[in-house]
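Novice: My questions will all concern the structure given below.
The values are calculated or read from the model by the stated rules, or taken from the named source; none is laboratory data. Because the structure is predicted, anything quoted here is derived from the model rather than measured. We place every Cβ from the backbone using ideal geometry, glycine too, and count neighbours over all the protein chains shown. Note: accessible area is taken over every heavy atom of the protein model, side chains too, but ligands, DNA and RNA are not part of it. Shrake-Rupley method; radii C 1.70, N 1.55, O 1.52, S 1.80 Å.
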Amino acid sequence: MSASRFRRTGVIFAATLAICAGVLIGLYVTLYLEAGEPQAVAAKMTGEHEASLTLQTVAEVGHGENNFWVSYYVQNPQGKWVHSTIFHLPAHSLVHVKVLQYDGDSGLRNPLWGQPRGVVGKTMYVNGKPLKVLNPELASHTFAIPELGVSVPLEGVEEEAPNQCESAPCGLEKAHNTIEFTFHTGRPGKFRWQCFVPCAAGFIFGFGGPMQSIGYMDGEVEVS
Amino acid sequence: MNWRDKLRPAPAIRRIMWIWLVLSVIATPLVVIFVGPMLPPGSASDAAHGQQQDNTVMVGIVLPIIIALLLYFGYALKTFRAKPGEEQTDGPPLRGETPVMVAWIAVTFVIVLFLATWGAYELFPGEEGAGGGMGPTPISVALPADASSALPVQVIGQQWAWTYRYPTYGGLETTELVLPVDKLVRFNVTSIDVIHSFWSNQLAVKADAVPGTNNVAFATPVKIESSTVRCAELCGLWHGHMTSPIHVVSQAKFESWITAQQQKWAPIAKYLPKYSKTYAPEPTYRGG
C-alpha cells in the first residue's frame, strides 16, 4: 500500500468515526431531552368552548428516581392517569378543573394565596361546598397560572385521616379532598403554571427539587 | 530638536486632530440634546431622570473618544494603504514619546477622576430618592429630604411572584403595584423564600429582596404610565416570568384603586399576618 493511499484510507476512517460519534452523541442528547420532557395531555372537550381537566396531587410519587417528591398527575381524555404537568387547553373557552388532593395540609407561605382568583364566580368548591377563601393554614398546594390571573388554594388532607395514599396515582378510595373551579382561558399562548408552596422547605432540596421541576409542581399550559 | 518641535504632531495627525475637533464640536452637543432624552431608563421618576442625566454625561464624554478612534481608523485605512506594486517594508521603529505619553496619561487621569467624583456625588439621593436599595437603616445623609412623609409600600418577593403591602391602608396586600404620581415612595423590599431583586427599570428602582431583611429604596414617580416590575436576581425555574404590572396614576385614581382592592381582597384580609418589616414563615413545612 502506497503512503498516499494509506493516508487517504486513514482520513476516510477518521471521518467515518467522527460522523458516527456525532450521530451517536446527537441521538443520546435528543433521547435525553425527550425523556426529560413530560408528555403533553389535552383537556377533555365537553362542548364547543368548554373543556374539563382532572388533576391529582400526591404526597409522594412512590416510585422512580424521585419517589419521595410531591407531584401533580393529570388524567388524559381516556381516563388514564399520566405523570405530566403540561396541559393543552382550548383558547377562549371555559375550563372546568377538578383536583383530587391527596396530600396533607402544610400551610401557605404567603397567606394571600388563600383567596381564589381568576375563577368564575370568585368561588371554588371543596367537596361540593362553595368557598370564597381558604384558611391558609389548611392549604397543601396551590394551582396558579399567574399570567392568566388564576390562583386557587388546595385544601390538604387531615394528618389523622385514615387510608392515606402512599403511591401515585391514587384511587378515589384513598383519603382526599376534591377541589373544583372554572376559569376562562382567553387568548392562545404558552403559560407557566406552578404551586406556590415551597415543597421542600426544611428538607435537603430547600426551595428546589419538585418546586423547580416541570413534571412535579411546575408545568406549562399550552392554550391553542 | 527643541521641545516645540517635539510636541508638534506629524501633518497627518494634525489633520486628524482638526477633523476630530470639528466633528466632536458638532456631534457632541447634537447627541446630548437630541439623543440624551431618549437614553434609558427614561424619566418616569426623579431617580430615572437622574440616571438618564448620568448616562447623557457619560455619552458626552465618550463620544469624542469614539470619534477619535473611528476617525483614526478610517484615515489610516485610506491614507496609509499600500499603493499597488509598492514594496512592503517595515516602518521606522517606535520608541517612547514622552510628550504623547504624558498627554495620554493626563487626559485619561482627568476623565477617570471626573467620572469617579461625578459618580460619588450622584450616589446621594438628593430630595427625591436615588432608587437603589440602601439596606434596612439608610444613613441620614442618604435619605431624601421628606423621607418621613413618603408613602410606604412593602415589596414581598416569593418564587415566582411579587406582592405589595400598603401599611398606611390597613396592611392591604395586592398582586399589582399602583403608585400615586408626584409622591415620594419608600419601598420596603423583602423576601419570604430565596433572594430576589425588585427592579423597575422605568422608575430606576432596584433593590435586593433578601429573606429576613428590610431593604429600603426611595423614588418619586413623575409620569402617569404603566410598566413592568421584574426580578433581577436569578431565583429559580420561573425567574424570567417573575413580573408584575406597575401603574402610576393620579392621587384620586390611587385612592379609588385602594378602595376597590380593599373590597377585592376582603375575604383574605383577616388571615394576613400583621404588617411587619420582614416575615419568617415556618420553614419546616413540607407541602407542595
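Novice: What about A:Lys122, is it closer than 21 Å to B:Thr174 by Cβ, open to solvent by 20 Å² or more (accessible area, probe 1.4 Å), in contact with a helix residue (DSSP H, G or I) (Cβ under 6 Å, 6 or more places away or on another chain) and of a type outside the set (S, T, N, Q)?
Specialist: Considered against the rule, which asks whether it is closer than 21 Å to B:Thr174 by Cβ, open to solvent by 20 Å² or more (accessible area, probe 1.4 Å), in contact with a helix residue (DSSP H, G or I) (Cβ under 6 Å, 6 or more places away or on another chain) and of a type outside the set (S, T, N, Q), A:Lys122 comes out as no.
Novice: For B:His49, only one of the following conditions fails: (1) in a helix (DSSP H, G or I); (2) under 24 Å from B:Ile224 (Cα atoms); (3) open to solvent by less than 70 Å² (accessible area, probe 1.4 Å). What is its number?
Specialist: Unmet for B:His49, out of (1) in a helix (DSSP H, G or I); (2) under 24 Å from B:Ile224 (Cα atoms); (3) open to solvent by less than 70 Å² (accessible area, probe 1.4 Å): (3).
Novice: Can you name every residue in region A:53-91 that is without any contact (Cβ under 8 Å) to a residue 40 or more places away in the chain, of a type outside the set (Asp, Glu) and out of contact with any strand residue (DSSP E or B) (no Cβ under 7 Å at 6 or more places or on another chain)?
Specialist: Selection gives A:Gly64, A:Asn67, A:Phe68, A:Gln78, A:Gly79, A:Lys80.
Novice: Pick from region A:59-105 the residues that are charged (D, E, K, R) and either assigned to a loop (DSSP other than H, G, I, E, B) or more than 25 Å from A:Glu159 (Cβ to Cβ) (or both): which of them is farthest from the other protein chains (Cβ to nearest Cβ)?
Specialist: So the residue we want is A:Lys80.
Novice: All but one of (1) in contact with a strand residue (DSSP E or B) (Cβ under 8 Å, 6 or more places away or on another chain); (2) of a type in the set (A, V, I, L, M, F, W, C); (3) within 30 Å of B:Pro211 (Cβ to Cβ) hold for A:Leu100, so report the exception by its number.
Specialist: Only one criterion is unmet by A:Leu100, namely (3).
Novice: Next question, about the same structure. Consider A:Ser167 carefully, then state whether it is out of contact with any helix residue (DSSP H, G or I) (no Cβ under 7 Å at 6 or more places or on another chain) and within 8 Å of another protein chain (Cβ to nearest Cβ).
Specialist: Answer is no for this residue.
Novice: Sticking with this structure for a sec: Name the pairs whose Cβ atoms lie under 6 Å apart, with the first residue in region A:38-49 and over 12 Å from A:Leu89 (Cα atoms), the second open to solvent by less than 80 Å² (accessible area, probe 1.4 Å) and part of a loop (DSSP other than H, G, I, E, B), and 6 or more positions between them or separate chains?
Specialist: What qualifies is A:Pro38/A:Ser84; A:Pro38/A:Gly215; A:Gln39/A:Ser84.
Novice: Can you list the strands (runs of 3 or more DSSP E) found entirely within region A:121-186 that contain at least 2 residues being closer than 17 Å to A:Leu100 by Cβ and among the polar types (S, T, N, Q)?
Specialist: Those strands (runs of 3 or more DSSP E) span A:139-145, A:177-184.
Novice: Can you pull out the residues in region B:247-288 that are touching a Pro at 6+ places or on another chain (Cβ under 7 Å), surrounded by 14 or more Cβ atoms within 10 Å (Cβ to Cβ) and not in a loop (DSSP other than H, G, I, E, B)?
Specialist: Across region B:247-288, the qualifying residues are B:Val248, B:Val249, B:Phe254, B:Ile268.
Novice: Could we say that B:Ala142 is touching a Ser or Thr at 6+ places or on another chain (Cβ under 9 Å), open to solvent by less than 70 Å² (accessible area, probe 1.4 Å) and either under 21 Å from B:Ala217 (Cβ atoms) or within 14 Å of another protein chain (Cβ to nearest Cβ) (or both) here?
Specialist: It is false that B:Ala142 is touching a Ser or Thr at 6+ places or on another chain (Cβ under 9 Å), open to solvent by less than 70 Å² (accessible area, probe 1.4 Å) and either under 21 Å from B:Ala217 (Cβ atoms) or within 14 Å of another protein chain (Cβ to nearest Cβ) (or both).
Novice: Please specify each residue of region B:31-44 satisfying the condition of being more than 23 Å from B:Phe73 (Cα to Cα) and not in a loop (DSSP other than H, G, I, E, B).
Specialist: Listed by number, the residues that qualify are B:Val32, B:Ile33, B:Phe34, B:Val35, B:Gly36, B:Pro37, B:Met38.
Novice: If you don't mind, another one. Identify the residue in region B:193-203 that is open to solvent by less than 10 Å² (accessible area, probe 1.4 Å) and either within 14 Å of chain A (Cβ to nearest Cβ) or touching a helix residue (DSSP H, G or I) at 6+ places or on another chain (Cβ under 8 Å) (or both) and, among all such residues, is modelled with the lowest pLDDT.
Specialist: Going through the qualifying residues, I end up with B:Leu203.
Novice: Shifting gears a bit: If I go through region A:109-120 residue by residue, how many of them are of a type in the set (A, V, I, L, M, F, W, C), in contact with a Phe, Trp or Tyr (Cβ under 7 Å, 6 or more places away or on another chain) and either at the interface with another protein chain (Cβ under 10 Å from one of its Cβ atoms) or in a strand (DSSP E or B) (or both)?
Specialist: Adding up the residues that qualify gives 1.
Novice: Yes or no: region A:12-34 includes at least one residue that is modelled with pLDDT of 90 or more, surrounded by 11 or more Cβ atoms within 10 Å (Cβ to Cβ) and not in a strand (DSSP E or B).
Specialist: no
Novice: Could I ask something else about it? Being assigned to a strand (DSSP E or B), out of contact with any Lys or Arg (no Cβ under 7 Å at 6 or more places or on another chain) and away from chain A (no Cβ under 14 Å): is that true of B:Ser244 here?
Specialist: Against the criterion (assigned to a strand (DSSP E or B), out of contact with any Lys or Arg (no Cβ under 7 Å at 6 or more places or on another chain) and away from chain A (no Cβ under 14 Å)), B:Ser244 does not qualify.
Novice: Going through region B:140-184 one residue at a time, which ones are more than 27 Å from B:Glu282 (Cβ to Cβ) and free of Cβ contacts under 8 Å to residues at least 40 places away in the same chain?
Specialist: B:Ser140, B:Val141, B:Ala142, B:Ala145, B:Asp146, B:Ser148, B:Ser149, B:Leu151, B:Thr168
Novice: Additional query: For the structure I just gave you, tell me whether A:Ala51 is surrounded by 15 or more Cβ atoms within 10 Å (Cβ to Cβ), in contact with an Asp or Glu (Cβ under 7 Å, 6 or more places away or on another chain) and more than 14 Å from chain B (Cβ to nearest Cβ).
Specialist: no
Novice: Suppose we filter region B:212-229 for residues that are surrounded by fewer than 19 Cβ atoms within 10 Å (Cβ to Cβ) and either touching a Phe, Trp or Tyr at 6+ places or on another chain (Cβ under 7 Å) or within 13 Å of chain A (Cβ to nearest Cβ) (or both); how many remain?
Specialist: 1
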